[in-house]
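Everything below concerns the one structure shown next.
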Amino acid sequence: MTLFFRSKAPHPSPLPEGEGTDRGDLKHNTNQHPLPLGEGWGEGKGRTRICILFAALFAFSPLAHAFDLQQLSEQLAKPQVIHGDFIQEKHLRALPKPLTSTGTFVLAKNHGLLWQLKTPLQQDYRINAQGIARRDGTRWQMLPGKSAGAEQNRLFLAVLQGDSSGLQRDFDLQLQGTPDHWTLTLTPRSLLLKQVFNQINIEGGELVQRIELQEAQGDSTQLLMQNSVSNQPLNEAEQHDFAQ
């Protein structure tokens, strides 16, 4: 919030010193030279009112109670388990329409992320501290950890878990907004990441709602997290998937 303060230079008095005590003179002079708020007659009281007004504005401004990265991390890290749906749109320069996929996800604290594609094909992924695994029948197969896709999935997990300290190692972070409606912008620091991403934008409230990845080559990915709930524990199948 930007406050515009009046210049400290004295305003020329509309009344000569010692004159204008007559009501008619005062009315005549003030009509010719309107008195700015806080100056002229009642100067002390006017300035006091302005100071009180500015103090009240500052007390209720975002600058006084700024929503910071630490608070965002704590907010996103609160839920033990989050279930939800997702819609992912991949915008490629060579295609007129985005490639769209849908599915469900399960984010479990201290376990990781289950990413379950439903359309256009069915495929399950598990992302945790050990890396990325793909379901192959009844077992999970680990995938190479150096690909661009692996890097994106690692970032998704860090964002969804509120791991701002981990993100700060690789990105400059800029947070705007309030706990109910915030935007976090990630700008890559390292040359390697700059070759993959131009910028990453994350939006949310109590939970993450939207992630946009702007890639260095001109493509982009938008991920919408919908119908997210944080009051359902892991079921038996989900516990088994995380345990394998």
Is it the case that some residue within region 167-174 is of a type in the set (D, E, K, R) and closer than 23 Å to Pro79 by Cα?
no
Assuming Asn227 fulfils every condition listed in (1) at positive phi; (2) surrounded by 14 or more Cβ atoms within 10 Å (Cβ to Cβ) apart from one, which condition is it?
(2)
If you scan region 106-121, which residues turn out to be free of Cβ contacts under 8 Å to residues at least 40 places away in the same chain and part of a loop (DSSP other than H, G, I, E, B)?
Asn110, Pro120, Leu121
Look at region 193-244 and say how many of its residues are of a type in the set (A, V, I, L, M) and more than 19 Å from the chain's Cα centre (by Cα).
7
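Computed from the coordinates by the stated procedures, all read-outs in this text should not be read as laboratory data. Quick caveat, the model's predicted, so the values are computed rather than measured. Every residue, glycine among them, receives a Cβ derived from its backbone with ideal geometry; neighbour counts consider all protein chains shown.
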